[in-house]
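K.L.:
Can you keep this structure in mind? I'll have questions shortly.
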Amino acid sequence: MKRIVLFFLMISSTLMAQNNVKVDLSSPNSAIYTHLYFLQPDSYEPEKAAATIYGYQGKEAVDIAIKIKKILDGKGLKVDFTKVPTNKNYSDTLGYKIGHKYVLFPYRMPDIYVEKTGDNWYYSSETISKVNELYNDVYPWHTEKLQHIIPVFGHYKFFKIELWQYLGLLILILINVFLFYVLRKIVFYILQKIQFWIIHKSNENIKSALKKLTRPIVLLILSGFIKTILPSLQLNLDVNNILFLMINIMITVFWIYVFLKLVKVVMSIYADFAESTHNKLDDQLVPILQNFLTGVVLFLGVLKLLTLFGIEPVTVIAGASIGGIAVALASQDTVKNLIGTVMIFVDKPFHIGDWIEAGQVVGTVETVGFRSTTVRAADTSIYQIPNSTLSEMVVNNKGLRAYRRYSTNLGLRYDTPPELIDAFVNGVRKIIKIHPDTRDDAFNVEFSGFGDSSLLILVNVYFTALDWNKEQASKHNLHLKILNLAKDLGVEFAFPSTTVLIEDFPEKQSKGLKYDVDKNRIKQIIDNINN
């Protein structure tokens, strides 16, 4: 007897609890709760749910209320009432719908929102006007017909999912497996055509990158197909919510992967272009630009993933901005170096491989990184110059010279006859004219003056080889030819010395050099000069 009484008490308390829920339209939270609560199976009173539809009554209002719930269920959109405002005078200040309006799902279903009319909150007139359109987008034309052809046993449930829905999921999986292998070849062919149409060239690196890009693109297409077909199975809200969350996470991950591979493809194309240019700084820009774009893709991808879990991107960006300011204040030198890096790549004061002078640093530029530039000196030591410092220094770029100037003085002995001096000067001039690495239209070889211990021959020449190593090799070759000329002519180079002349010892013969100034011999030597 006690059990019977207890049973009736429980039933009566449950009925009283249901009756305590009344139509409440005083705030966004209460209006949305009223709509969804009275369309649940255990509290189904569609007439009360229809009270949230402003300007419509009776069956028409009920149909609109039911369709709005089905749209949310079909998209797996489950309302979290802890985040729905309870303020009667709530006003949207984030820019989704300015005014006394509240959007339930601003990123996934922005067209469904409530607004304040008078003292109450109702679904907006825009939402009501788009209900049929939204419903048809979520549920294709065959959805209703599908329900009529399913036999009774197909509606038996197993873990809250009907048998026909299991069958539908299986068929959907098989269709996607078939489409995956078909679309993979089609998409790869299209990507190859687009790539060749843009740059008119191809290589193994680009083909490999396109193959890796094909798979996520196909998976994106199939994910969109699943999202379109899935509502037709009319799964319950909890199942749909989990499935759509998984699909949206997969889509976001695929998009991240696609853009990462797209960055790699673009950088491969740009790397080929950079290799074809004389500007070696472009080659150094490739890894820097690739790392930067990769970071941007990952940041935006993580931001999108956070929105799927209900975190507002505005909050994330605001937090990142505040954190960014704090980091910037704590690492001003790093920020300065980053700005300096940008200025170096914009102004391009030097290129990779250029010989530069920057303050006391002299050497060849090897790398330009995010923070610093590496310069290798002639003794093979390495200088790491912060880009902020380098961008403010006076840089003498030897690598941008049109020619490399070389100037020196050759010292001949004071007892060299004028005929041989003139022959030596003419011979050096001819050597420079026919030398493959020197300008033949701008040089100077002249008897320039009298030194302390030698007759000075000025040699001023311009090498066409801009590379430092090639310049040294050219100097080596030029010096050897000048030495061979001096040897053939019998001319000797002077060195610091003191000569004492003694004239009172007739038996002592002078040990001075015997110079041969025969004109025919000199002419023959000059004519024999060649490369």
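K.L.:
Is it the case that Ser208 is within 30 Å of Tyr156 (Cα to Cα), among the hydroxyl-bearing types (Ser, Thr, Tyr) and part of a helix (DSSP H, G or I)?
P.N.:
no
K.L.:
Residues Leu179, Leu233, Leu219: which one is within 29 Å of Asp73 (Cβ to Cβ), buried (at least 17 other Cβ atoms within 10 Å of the Cβ) and within 32 Å of the chain's Cα centre (by Cα)?
P.N.:
Selected residue: Leu219, the only one of Leu179, Leu233, Leu219 that is within 29 Å of Asp73 (Cβ to Cβ), buried (at least 17 other Cβ atoms within 10 Å of the Cβ) and within 32 Å of the chain's Cα centre (by Cα).
K.L.:
Any residue that is at pLDDT below 85, more than 30 Å from Asp452 (Cβ to Cβ) and in a strand (DSSP E or B) - is there at least one of those in region 343-355?
P.N.:
yes
K.L.:
For region 98-111, enumerate the residues that are β-branched (Val, Ile, Thr) and either at pLDDT 90 or above or farther than 21 Å from Gly55 by Cα (or both). If you could, list the steps in order and put the result at the bottom.
P.N.:
The initial filter retains those residues of region 98-111 that are β-branched (Val, Ile, Thr), namely 98, 103.
Within region 98-111, just Ile98 meets the criteria.
K.L.:
Would you mind telling me which numbered condition in (1) modelled with pLDDT of 70 or more; (2) under 17 Å from the mean Cα position of the chain (by Cα) Leu305 fails?
P.N.:
All conditions are met except number (2).
K.L.:
Okay, next question. In contact with a helix residue (DSSP H, G or I) (Cβ under 7 Å, 6 or more places away or on another chain), assigned to a helix (DSSP H, G or I) and open to solvent by 60 Å² or more (accessible area, probe 1.4 Å) - does that describe any residue in region 471-489?
P.N.:
Yes, that holds for at least one residue.
K.L.:
Out of the residues in region 113-134 that are over 16 Å from Ser30 (Cα atoms) and crowded, with 18+ Cβ neighbours inside 10 Å, state the one that is nearest to the chain's Cα centre (by Cα). Reasoning before the result, please.
P.N.:
The first filter runs over region 113-134 and keeps only residues over 16 Å from Ser30 (Cα atoms), leaving 125-134.
Next cut, crowded, with 18+ Cβ neighbours inside 10 Å only: 127-128, 131, 134.
Details: Thr127: 40, Ile128: 43, Val131: 41, Leu134: 37 Å.
Out of the qualifying residues, it is Leu134.
K.L.:
Just name the residue that is nearest to Asp347 (Cα to Cα) out of those in region 360-409 that are outside any strand (DSSP E or B), of a type in the set (Ser, Thr, Tyr) and open to solvent by 70 Å² or more (accessible area, probe 1.4 Å).
P.N.:
The extreme case among them is Tyr403.
K.L.:
For region 426-437, how many residues are open to solvent by 60 Å² or more (accessible area, probe 1.4 Å) and over 26 Å from Ile522 (Cβ atoms)?
P.N.:
0
K.L.:
State all residues of region 58-89 that are more than 22 Å from Asp24 (Cβ to Cβ), open to solvent by 40 Å² or more (accessible area, probe 1.4 Å) and under 38 Å from the mean Cα position of the chain (by Cα); if no residue qualifies, say none.
P.N.:
Lys75
K.L.:
Which of the residues belonging to region 154-175 are of a type in the set (Phe, Trp, Tyr) and under 17 Å from Ile242 (Cβ atoms)?
P.N.:
Phe158, Phe159, Tyr166
K.L.:
Residue under question is Asp92, and the condition is that it be surrounded by 13 or more Cβ atoms within 10 Å (Cβ to Cβ), on the phi < 0 side of the Ramachandran plot and modelled with pLDDT of 90 or more; does it hold?
P.N.:
no
K.L.:
Can you work out which of the residues in region 438-470 that are in a strand (DSSP E or B) and open to solvent by 20 Å² or more (accessible area, probe 1.4 Å) is farthest from Asn528 (Cα to Cα)?
P.N.:
Phe450
K.L.:
Got a sec? Which of Leu174, Leu183, Leu167 is under 26 Å from Leu230 (Cβ atoms), in a helix (DSSP H, G or I) and at pLDDT below 85?
P.N.:
None of the other options fit; the residue is Leu167.
K.L.:
Sticking with this structure for a sec: Identify, please: which residue in region 423-440 is without any contact (Cβ under 8 Å) to a residue 24 or more places away in the chain and in contact with a Phe, Trp or Tyr (Cβ under 9 Å, 6 or more places away or on another chain) and is, among those, nearest to Tyr515 (Cα to Cα)?
P.N.:
Looking at residues that are without any contact (Cβ under 8 Å) to a residue 24 or more places away in the chain and in contact with a Phe, Trp or Tyr (Cβ under 9 Å, 6 or more places away or on another chain), I get Arg429.
The values are calculated or read from the model by the stated rules, or taken from the named source; none is laboratory data. What you see is a predicted model, and the numbers here were worked out from it, not measured in a lab. Positions of Cβ are generated from backbone atoms using ideal geometry, with glycine treated the same way; all protein chains shown enter the neighbour counts. The protein model used for the area step is the full one, side chains on, heavy atoms only, and it has no ligands, DNA or RNA in it. Shrake-Rupley method; radii C 1.70, N 1.55, O 1.52, S 1.80 Å.
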